[in-house]
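Below is one structure, written out as structure tokens, with a few remarks after it.
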Amino acid sequence: MRIFGLYLKRIVRRRLTLIFMVLLPVLFTFMVVTQYNDATKVTLAMYVPDPAVDSYVSAMLEKQDVTLIHAKDADSAIQTSANLGIVFTSTAGELFANPDALKIESYAKEVNFNSKSLEVKLNSIFSSLQTLAKNAPDAGAFQESMKLMADTPAPVTIEPSILGNPHAVVLTSTFNMIVFIMLFLTMTNTLLFLGDKVHSTTERVLLTAKNKLSYYLQTVSVFAAIGIVQFLLMIALMSGAFGIDLELSAFHLLLLVLAYGLLNVIAAGIGLLLVSRTTKQSTGRLLVTVVSLPLAMLGGTLWPSSIMPEGMQRFARILPTRWITELNTELFSGFTGSGSAVTVHFVSLLACAALIFLLLTRVKTQDI
């Protein structure tokens, strides 16, 4: 373990490198949490100038856990970053006089689950408002009935029960982003060995190893250890500091950590194979970019693999990044009975790591 200790000390002793090793996981965790919160929070921007109607609609929406933004004018409601914006300029008197003329203008920058669910809630609320207007004997009674209904708790309590993990899609996409981040960072970090190669440091280090396999096992273990520590730090921040419930059992969490450790092993191995092909930093960075980006894109870390052409999907099935993203999908689904698929993906990662070590042992000593 001399080589492992040597390279680990060299990395840790570099203050700037150590700062980045701690800072980057914190920064990326903040990005992941921001994406998670934006995707799970339902927000509505609303411009309703009539106080009575505004109070009624606000109270009914707050009962359904909708975050409200009260726009100061119609343009603010239209240009908002919320899931949906609505503009309702009719007064309570106008609504009472002609309930059938009720018309709401809604705006959404993109149609998604949150915007559609808001439309359903708004339809029910304004339909109830229309019914109150038709049944009220006069305008004053109409406003009084709105206030009474807004203050009265719902007669029926509905407890939604969602099959599986309710945030499966969000958690899967955020952890897929972590796959891309760790893949690119680990492969880039292996370029540190180009300097050792040029100055014959690697050649002297090799003399202390039993063989090339021992050298590569210890070298790659450094990156795997650093990657696992960074990944655990991200998990701790997400669960402890930001309160995100991953809804994973202890066994599945351990499996996820091991899988991401294998990802670092594979990424470091690929990076060292690329280092063996050049002595120039510029060429090394180009090779890392050329290899890591297709691995990320085809593997489904940046977008779902299902939207790619059929030929690309077939090719992606042999990529380790695809196995990791599929593993994320299985583990965060919230369903049991997916053990066989998880096992297949995990064994595939192990086989890929073994193949990379086999290729590394075939590298000529002068190219290491």
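The values are calculated or read from the model by the stated rules, or taken from the named source; none is laboratory data. The structure displayed is predicted, hence computed values, not measured ones. Cβ placement follows ideal geometry from the backbone for every residue including glycine, while neighbour counts extend to all protein chains displayed. Side chains included, ligands, DNA and RNA excluded: accessible areas come from the protein's heavy atoms. Shrake-Rupley method; radii C 1.70, N 1.55, O 1.52, S 1.80 Å.
A few notes on this one:
- Cβ-Cβ contacts under 6 Å between residues 6 or more apart (or on different chains), taken from a first residue in the stretch 58-78 that is under 15 Å from Met146 (Cβ atoms) to a second residue that is open to solvent by less than 30 Å² (accessible area, probe 1.4 Å), are listed as Ala59/Ala150; Met60/Ile125.
- Qualifying residue in the stretch 48-61 (condition: open to solvent by 90 Å² or more (accessible area, probe 1.4 Å) and modelled with pLDDT under 85): no
- Condition met for Met297 (part of a helix (DSSP H, G or I) and either basic (Lys, Arg) or open to solvent by 30 Å² or more (accessible area, probe 1.4 Å) (or both)): yes
- Of the helices (runs of 4 or more DSSP H) lying entirely inside the stretch 25-99, not one contains at least 3 residues that are of a type in the set (Phe, Trp, Tyr).
One line per residue, one yes/no per condition, for (1) open to solvent by 20 Å² or more (accessible area, probe 1.4 Å); (2) at pLDDT 90 or above; (3) assigned to a helix (DSSP H, G or I):
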| position | (1), (2), (3) |
| --- | --- |
| His252 | yes, no, yes |
| Thr283 | yes, no, yes |
| Trp303 | yes, no, no |
| Phe315 | yes, no, yes |
| Thr325 | no, yes, yes |
| Glu330 | yes, no, yes |
| Val342 | no, no, yes |
| Phe346 | yes, no, yes |
| Cys352 | yes, yes, yes |
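- Residues that are crowded, with 21+ Cβ neighbours inside 10 Å and of a type in the set (S, T, N, Q) within the stretch 254-281 comprise just one, Asn264.
- In the stretch 235-250, residue modelled with the lowest pLDDT [restricted to those that are assigned to a helix (DSSP H, G or I) and under 18 Å from the mean Cα position of the chain (by Cα)]: Ala241
- Any hit, the stretch 107-122, residues being charged (D, E, K, R), closer than 22 Å to Lys134 by Cβ and crowded, with 17+ Cβ neighbours inside 10 Å: yes
- Answer residue from the stretch 129-173, given it is part of a helix (DSSP H, G or I) and open to solvent by 100 Å² or more (accessible area, probe 1.4 Å) and is modelled with the lowest pLDDT among those: Val169
- From the list Leu263, Leu274, Leu217, the lone residue that is at pLDDT 85 or above and over 17 Å from Ile368 (Cβ atoms) is Leu263.
- Search result, residues across the stretch 343-368 that are more than 21 Å from Gln218 (Cβ to Cβ) and of a type in the set (Val, Ile, Thr): Thr343, Val344, Val347
- Yes/no for Glu94 being modelled with pLDDT under 85 and over 26 Å from Ala224 (Cα atoms): no
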